[in-house]
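Here's the structure, in structure tokens; my notes come after.
We did not get these values from a lab; they are worked out from the coordinates using the rules stated. Values in this document were obtained by computation on a predicted structure and should not be read as measured data. Neighbour counts run over all protein chains shown; Cβ positions are idealised from the backbone, glycine included.
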Amino acid sequence: MTWESPTSIDWSNGFGSVFYYVNSVSLGWASRMFLIAIFIIVFTAYYKTRDEYKGAFAFSSLATFILALMGWLTNFVDLYTLIYTTAVLLVALAVLFVTDDTY
């Protein structure tokens, strides 16, 4: 397997081309780590302001799904990563709407 050379970056797209290069060299793991970092940051921020796990899980899953969908439309995120974020969003919504909070 041959790797792309850094000189093959097409700078006509601006600095965003560097992200595509890093993502292709890391075999898609750069985009996954970016989405995981966004999930953790949003989850922590929501939990610190509202002090509830279920809402933080659902909101951070939704934010990560939206970013993954936009990344998939621009070919930055592969389809498997989008499927995983969709599954996490569905689990988060199930936890949010199915569990009983009347204690």
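Return the ratio Rg/(2.2 N^0.38 Å) for the chain, where Rg is computed over Cα atoms only.
Normalised Cα radius of gyration, the chain: 1.32.
Mean residue ellipticity at 222 nm from the helices of the chain, using -39,500 (n - 2.57) per DSSP H segment of n ≥ 4 over the full residue count, to the nearest 500 deg cm²/dmol?
-24000 deg cm²/dmol
Arrange Val88, Val77, Val22 by Cβ neighbour counts within 10 Å, fewest through most, would you?
Arranged by neighbour count, lowest to highest, Val88, Val77, Val22 become Val22, Val88, Val77.
Based on alpha-carbon atoms only, what is the radius of gyration of the range 1-45 relative to the globular estimate 2.2 N^0.38 Å?
It is 1.42.
Taking R0 as 41 Å, what FRET efficiency do you get between Arg50 and Ser26 from their Cβ-Cβ distance, rounded to the nearest 0.05?
0.75
Using the per-residue mean of other Cβ atoms lying within 10 Å as a proxy for protection, in what order, highest first, do the peptides 50-58, 5-13 fall?
Averaged packing, sorted descending, gives the order 50-58, 5-13.
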